[in-house]
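Only one structure is covered here, and it is reproduced in the block below.
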Amino acid sequence: MSFTMRRWVVSLCAVLAVGCAGSKANLVDADVARYTSDANGFDTHSFFYDTGAEVVVFDAQFTEAEARKVLAAIRAKTGNPIRYVVVTHPNPDKFNGVGVFQREGAKVVASEATAAAIPAVHAYKKYFWVNVAKMFTEETYPAQATVDVTFRGTYALPLEGDARVELTELKHPGVTTTQTVAYVPGRKALIVGDLVHHKTHAWLEGGLRDGKVVPDVEAWKAAVDELAAWPEATVYGGRGEAAPVTDAITAQKQYLDGMVALVNAYAAELGSRKAELCGDAAAPHHAELQKRAAAAFPDYALPYMVGYGVYGLVNQLACGG
């Protein structure tokens, strides 16, 4: 297996060695709540919206065990039926846990592009976690997610009464190969998955294209710019804090530009040793980039995210993709 996969094992072990702060659920506003996993689930947010008659879940966590914690958080708040689970983009921390909610009677909703991407992403990640990290077996890794309802462009979830949840597939791919955002007009809440990591380090691996992860920072920034279509919204990202849409756009683009500049400067600094970024000697360089990212963005949480995913950005910028 490639050095990049082995790097993930090292990164994960480092995370587990320092321990985890613990999972948590907290109220975002009167009817939209958030559950956040611990570092074993990559500090991933799931949101859920209780309309008063039914519940909509946004993103389903990396494992069914974490999804069951989301379910418990919902049941602690409401007994209303869980009607839908929206998958914002095709990463396993968004779709692996959907089966928990399907068994509760919920339908999984995703764009056609996201649904089409899930099988290849599932196979790629399952191979890593079973055969490289060895943290799952063939039997214990979550089953491939199935999607019940697909759409193109925009889609309003069929909900009871006056409640509305409006889904929009962005024109640009964002953090992965395709991106959906969900808007709850009654709460002016815009739920965007990992497109935004406000005040938090981002997952820089990139989307899976033809069996290879390839980040596209310019497309990611263009997707972030699309959020301006909801000028009064508060943005709720896949990690980090909620923020007014203008603040979220500005900060996310500055972060991405900053990380591109940081990687390019480090590659230039290496000079004749630059090739080390592209082979089995890359792991110490990824660790150094994590340290430099933490120093460059001292008020940003979760620097370990750089250690996980920066190899994708490094490969794109310094190794010819």
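At-a-glance table
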| item | result |
| --- | --- |
| Segment 150-178: number of residues that are of a type outside the set (Gly, Ala, Ser), surrounded by fewer than 15 Cβ atoms within 10 Å (Cβ to Cβ) and assigned to a strand (DSSP E or B) | 1 |
| Segment 176-202 residues that are among the acidic types (Asp, Glu), paired with ones that are not in a loop (DSSP other than H, G, I, E, B) (beta carbon under 9 Å, 6 or more apart) | Asp194/Asp93; Asp194/Lys94; Asp194/Gly237; Asp194/Gly238; Asp194/Arg239 |
| Segment 75-88 - residue that is surrounded by fewer than 24 Cβ atoms within 10 Å (Cβ to Cβ) and without any contact (Cβ under 8 Å) to a residue 40 or more places away in the chain and, of those, farthest from Leu159 (Cα to Cα) | Arg75 |
| Qualifying residue in segment 234-245 (condition: on the phi < 0 side of the Ramachandran plot and part of a helix (DSSP H, G or I)) | yes |
| Any pair with Cβ under 7 angstrom, 6 or more apart, that starts in segment 295-306 at a residue that is farther than 19 Å from Glu205 by Cα and ends at one that is of a type outside the set (Gly, Ala, Ser) and assigned to a loop (DSSP other than H, G, I, E, B) | Asp299/Lys199 |
| Index of the failed condition, Ala30 passing every other in (1) crowded, with 19+ Cβ neighbours inside 10 Å; (2) modelled with pLDDT under 95; (3) not β-branched (Val, Ile, Thr) | (1) |
| Subset of segment 160-180 [among the aliphatic types (A, V, I, L, M) and touching a strand residue (DSSP E or B) at 6+ places or on another chain (Cβ under 7 Å)] | Val165, Leu167, Leu170, Val175 |
| Residue in segment 35-52 that is of a type in the set (A, V, I, L, M, F, W, C), touching a Ser or Thr at 6+ places or on another chain (Cβ under 6 Å) and not in a loop (DSSP other than H, G, I, E, B) present | no |
| Inter-residue pairs, beta-carbon under 6 Å, first in contact (Cβ under 8 Å) with a residue 24 or more places away in the chain and in segment 240-255, second among the basic types (Lys, Arg), 6+ apart | Gly240/Lys199; Glu241/Lys199; Lys253/Lys221 |
| Subset tally (residues that are more than 15 Å from the chain's Cα centre (by Cα), outside any strand (DSSP E or B) and polar (S, T, N, Q)) for segment 77-127 | 3 |
| Single unsatisfied condition, Ala283 versus (1) in contact (Cβ under 8 Å) with a residue 60 or more places away in the chain; (2) in contact with a strand residue (DSSP E or B) (Cβ under 7 Å, 6 or more places away or on another chain) | (2) |
| Top-ranked residue in segment 89-128 [being aromatic (Phe, Trp, Tyr) and buried (at least 23 other Cβ atoms within 10 Å of the Cβ); ranked as nearest to Arg239 (Cα to Cα)] | Phe95 |
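The values are calculated or read from the model by the stated rules, or taken from the named source; none is laboratory data. Predicted, not measured: the structure shown is a model, and the values here were computed from it. In this analysis, Cβ positions are derived from the backbone assuming ideal geometry, glycine residues included, and neighbour counts consider all displayed protein chains.
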